[in-house]
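Enquirer: Right, I'll just put the structure down here and ask away after.
The values are calculated or read from the model by the stated rules, or taken from the named source; none is laboratory data. Source: prediction; values computed, not measured. Cβ placement follows ideal geometry from the backbone for every residue including glycine, while neighbour counts extend to all protein chains displayed. Just the protein is used for accessible areas: all its heavy atoms, side chains included, with ligands, DNA and RNA removed. Shrake-Rupley method; radii C 1.70, N 1.55, O 1.52, S 1.80 Å.
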Amino acid sequence: MVACPNFLKIMNKKIQSALISVFYKDGLEPVVKLLSELGITIYSTGGTQTFIEKLGVKVIPVENLTTYPSILGGRVKTLHPSVFGGILGKRDDETHVAEMKQYNIPEIDLVIVDLYPFEETVASTSDEKTIIEKIDIGGPSMIRGAAKNHKDVAVVANKADYALLEKILAEQKGETSLEQRRTFAIKAFDVCTAYDTAISNYFHQLSVATPFNKEEKAMRYGENPHQKAAFFGNLDEIFEQLNGKELSYNNLVDVDAAVQIIKELTKTSFAIIKHTNVCGVAQRATVKESWDAALTGDPESAFGGVLVCNGTIDKATADAINEIFFEVLIAPAFDEDALTVLKSKKNRILLKLKGKSQNTQMHRSILNGVLIQDTDEGNFTEWRETGGRETTAAEKEDLTFANIVCKHLKSNAIALVKNKQLIGKGCGQTSRIDSLRQAVEKAKQFNFDLNGAVMASDAFFPFNDCVKLGHDAGITSFIQPGGSIRDKDSIEYCVENKLAMIITGMRHFKH
């Protein structure tokens with residue numbers, strides 16, 4: 001214990017030289033004057049050097065160390081071995097000391113450096129060139145170097161610490177303790193971390209916008225007439241518009257939902273989309289049969305919807321579709337006589353599907369930033385039979401189909417399917433049981449027999465109430481991702497009542 005004060009004294013370092021290069025000069029004057037009074041050699045660059053000279057304090061230009069002027073418009077000033085050797089050289093390492101002497105590298109004991117105002121620049125301008133020039137290179141390098149070598153070097157990277165530094169230098173006559181240097185080093189690393197994070201966030205947001213900067217298409221308005229809107233992208237890569245008015249903001253949102261579901265259905269299918277939710281979908285031997293079954297699922301909601309299929313629209317199908325009002329019809333091909341029927345309404349939008357969207361990520365603007373996530377690809381990661389019996393071949397087909405449909409409904413989502421036809425759905429409810437009640441009510445509204453139907457859920461059943469209600473309605477098999485701490489409740493009910501249940505291991509929330 002007696003040796004402790006001596007040990008601390010040994011770890012104190014007398015500052016002989018300082019490198020100062022800062023953007024913010026406020027609060028720096030008393031520090032500079034004190035350094036001068038203590039006889040400490042000061043090195044500096046550019047505007048900071050000018051500031052110090054105006055104070056009447058002697059300062060050595062960094063160029064005298066490097067023998068190079070500031071070049072490349074100021075991009076390269078301090079990036080030189082004579083500077084970084086002085087910062088990083090270990091004073092107790094004989095090899096380091098010898099090499100510093102060999103190459104005339106002076107020891108730098110104090111580094112006062114802050115960083116270009118990157119975040120302030122981003123807030124004040126959208127000009128990318130201006131913003132990029134405010135990405136500091138030399139500053140973070142000097143700060144990190146000094147913080148790394150804090151055993152020998154003190155570093156101050158924030159103007160908020162100028163007063164503390166002045167106090168330490170005045171009270172300790174130009175010395176700093178190891179504990180003080182370590183504290184300054186921690187703060188310095190925090191400054192660098194925050195700075196790099198701000199730059200990373202900027203480029204992440206830029207990467208969201210950049211793909212869409214090539215083409216901007218102004219829209220009449222957004223989701224509502226008082227909202228301005230624009231589309232960034234090239235729709236011609238995906239569609240050929242054969243008829244109709246200009247696509248609106250809401251049209252595009254529903255068209256995207258339509259394209260997303262139809263690309264997952266490999267057999268002949270027809271789907272009807274309303275407010276991004278599937279309100280009718282079916283898979284049949286022909287396009288006409290698929291349309292009839294999809295419409296039957298919810299003929300009321302189909303009014304004003306967006307229609308999509310993965311087969312050729314023939315005249316028989318066109319005649320049937322022509323009987324209702326719809327906004328958009330999307331298909332990979334149209335027979336000529338079918339086009340003649342469908343073009344009878346000049347505002348009716350007909351889109352020939354040419355290719356698939358290549359987007360692998362989804363973007364959502366929230367708060368003061370952007371959320372980015374991968375698109376929800378796939379149907380299930382496992383097919384685990386957990387019920388009271390094995391699923392039949394027909395049930396497997398229906399369950400697979402139902403799970404795809406459920407994936408394209410807003411959470412909480414329930415899809416009821418029978419013979420590869422959506423016969424009831426509940427979506428956007430705040431509880432899963434309410435979504436199920438909605439789905440059962442929809443099925444009953446249009447006189448569907450639920451006996452033998454299957455149920456898909458986009459997320460786990462938190463209780464066994466859903467399988468009980470479904471069973472009471474006639475449903476005999478269920479598919480869900482699992483993952484609840486009470487999965488066993490639903491599984492045990494299915495086992496007791498000889499109902500089939502599949503656990504997929506893949507949740508499909510959609511918000």
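Enquirer: Filter the stretch 21-38 down to residues that are touching a residue at least 40 places away in the same chain (Cβ under 8 Å) and part of a loop (DSSP other than H, G, I, E, B) and give me whichever is nearest to Val113 (Cα to Cα).
Expert: Here the residue is Val22.
Enquirer: Let me confirm something: among Ile42, Ile105, Ile112, which residue is modelled with pLDDT under 85, outside any helix (DSSP H, G or I) and open to solvent by less than 80 Å² (accessible area, probe 1.4 Å)?
Expert: Result of the check over Ile42, Ile105, Ile112: Ile105.
Enquirer: Please work out if Gly428 is farther than 19 Å from His471 by Cα and of a type in the set (Gly, Ala, Ser).
Expert: In short, yes.
Enquirer: With (1) open to solvent by 60 Å² or more (accessible area, probe 1.4 Å); (2) in a helix (DSSP H, G or I); (3) of a type in the set (S, T, N, Q) as the list, and Ser126 as the residue in question, which single condition is left unmet?
Expert: Result: Ser126 fails condition (2) only.
Enquirer: Any idea which of Ala331, Ala294, Ala271 is in contact with a Phe, Trp or Tyr (Cβ under 7 Å, 6 or more places away or on another chain) and either basic (Lys, Arg) or crowded, with 19+ Cβ neighbours inside 10 Å (or both)?
Expert: The unique qualifying residue is Ala294.
Enquirer: What tally of residues in the stretch 363-400 results from selecting those that are in contact (Cβ under 8 Å) with a residue 40 or more places away in the chain, open to solvent by 90 Å² or more (accessible area, probe 1.4 Å) and not hydroxyl-bearing (Ser, Thr, Tyr)?
Expert: Qualifying residue count, the stretch 363-400: 2.
Enquirer: In this structure, is Ala98 without any contact (Cβ under 8 Å) to a residue 40 or more places away in the chain and either within 25 Å of Lys187 (Cα to Cα) or under 37 Å from the mean Cα position of the chain (by Cα) (or both)?
Expert: Spelling it out, it is not the case that Ala98 is without any contact (Cβ under 8 Å) to a residue 40 or more places away in the chain and either within 25 Å of Lys187 (Cα to Cα) or under 37 Å from the mean Cα position of the chain (by Cα) (or both).
Enquirer: Would you confirm whether any residue within the stretch 71-94 is touching a strand residue (DSSP E or B) at 6+ places or on another chain (Cβ under 9 Å), outside any helix (DSSP H, G or I), modelled with pLDDT under 80 and not aliphatic (A, V, I, L, M)?
Expert: Checked against the condition, which is being touching a strand residue (DSSP E or B) at 6+ places or on another chain (Cβ under 9 Å), outside any helix (DSSP H, G or I), modelled with pLDDT under 80 and not aliphatic (A, V, I, L, M), the stretch 71-94 yields at least one hit.
Enquirer: For the stretch 122-133, state whether one or more residues are modelled with pLDDT of 85 or more and closer than 24 Å to Glu29 by Cα.
Expert: Looking for residues that are modelled with pLDDT of 85 or more and closer than 24 Å to Glu29 by Cα, one finds none in the stretch 122-133, hence no.
Enquirer: I'd like to check something: does the stretch 297-306 contain any residue that is at pLDDT 95 or above, in contact with a Gly (Cβ under 6 Å, 6 or more places away or on another chain) and either open to solvent by 50 Å² or more (accessible area, probe 1.4 Å) or closer than 16 Å to Val417 by Cβ (or both)?
Expert: Yes: one or more hits.
Enquirer: Assess whether Asn403 counts as being open to solvent by less than 60 Å² (accessible area, probe 1.4 Å), free of Cβ contacts under 8 Å to residues at least 24 places away in the same chain and among the polar types (S, T, N, Q).
Expert: For Asn403, the condition - open to solvent by less than 60 Å² (accessible area, probe 1.4 Å), free of Cβ contacts under 8 Å to residues at least 24 places away in the same chain and among the polar types (S, T, N, Q) - is not met.
Enquirer: Can you tell me which residue in the stretch 419-433 is surrounded by the fewest Cβ atoms within 10 Å (Cβ to Cβ), limited to those that are of a type in the set (D, E, K, R) and outside any strand (DSSP E or B)?
Expert: Lys420
Enquirer: Give Glu175, Glu223, Glu216 a once-over and let me know the one that is modelled with pLDDT of 90 or more and closer than 30 Å to Pro332 by Cα.
Expert: Glu223
Enquirer: I've got another one for you. May I ask you to list the residues in the stretch 425-461 that are in contact (Cβ under 8 Å) with a residue 24 or more places away in the chain and at positive phi?
Expert: Within the stretch 425-461, Gly428, Gly452 qualify.
Enquirer: Checking the conditions here, which among Val253, Val278, Val287 is surrounded by 19 or more Cβ atoms within 10 Å (Cβ to Cβ) and either touching a Ser or Thr at 6+ places or on another chain (Cβ under 9 Å) or not aliphatic (A, V, I, L, M) (or both)?
Expert: The match here is Val287.
Enquirer: Are any residues in the stretch 378-423 at pLDDT 95 or above and among the β-branched types (Val, Ile, Thr), and if so, which ones?
Expert: Matches in the stretch 378-423: Thr386, Thr391, Thr392, Thr400, Ile404, Val405, Ile414, Val417, Ile423.
Enquirer: Can you name the number of the only condition in (1) in contact with a Pro (Cβ under 8 Å, 6 or more places away or on another chain); (2) open to solvent by 60 Å² or more (accessible area, probe 1.4 Å) that Gly311 fails?
Expert: Failed condition: (2).
Enquirer: Can I ask one more? Can you tell me which residues in the stretch 434-472 are of a type outside the set (Lys, Arg), part of a helix (DSSP H, G or I) and surrounded by 20 or more Cβ atoms within 10 Å (Cβ to Cβ)?
Expert: Scanning the stretch 434-472 gives Ser435, Leu436, Ala439, Val440, Ala443, Cys466, Val467, Gly470.
Enquirer: On the basis of being buried (at least 22 other Cβ atoms within 10 Å of the Cβ) and over 16 Å from Ala257 (Cα atoms), does Leu351 make the cut?
Expert: No, not satisfied.
Enquirer: Of all the residues that make up the stretch 483-511, how many are in contact (Cβ under 8 Å) with a residue 40 or more places away in the chain and in a loop (DSSP other than H, G, I, E, B)?
Expert: The qualifying residues number 11.
Enquirer: Could you pull out the residue among Phe446, Phe461 that is aromatic (Phe, Trp, Tyr) and in contact with a strand residue (DSSP E or B) (Cβ under 7 Å, 6 or more places away or on another chain)?
Expert: Phe461
Enquirer: Given the stretch 158-269, what helices (runs of 4 or more DSSP H) lie entirely inside it while holding 1 or more residues that are within 30 Å of Leu295 (Cα to Cα) and touching an Asp or Glu at 6+ places or on another chain (Cβ under 9 Å)?
Expert: 249-262
Enquirer: Of the conditions (1) over 25 Å from Glu300 (Cβ atoms); (2) among the β-branched types (Val, Ile, Thr); (3) not in a helix (DSSP H, G or I), Ile475 clears all except one; give me its number.
Expert: Checking Ile475 against (1) over 25 Å from Glu300 (Cβ atoms); (2) among the β-branched types (Val, Ile, Thr); (3) not in a helix (DSSP H, G or I), the one that fails is (1).
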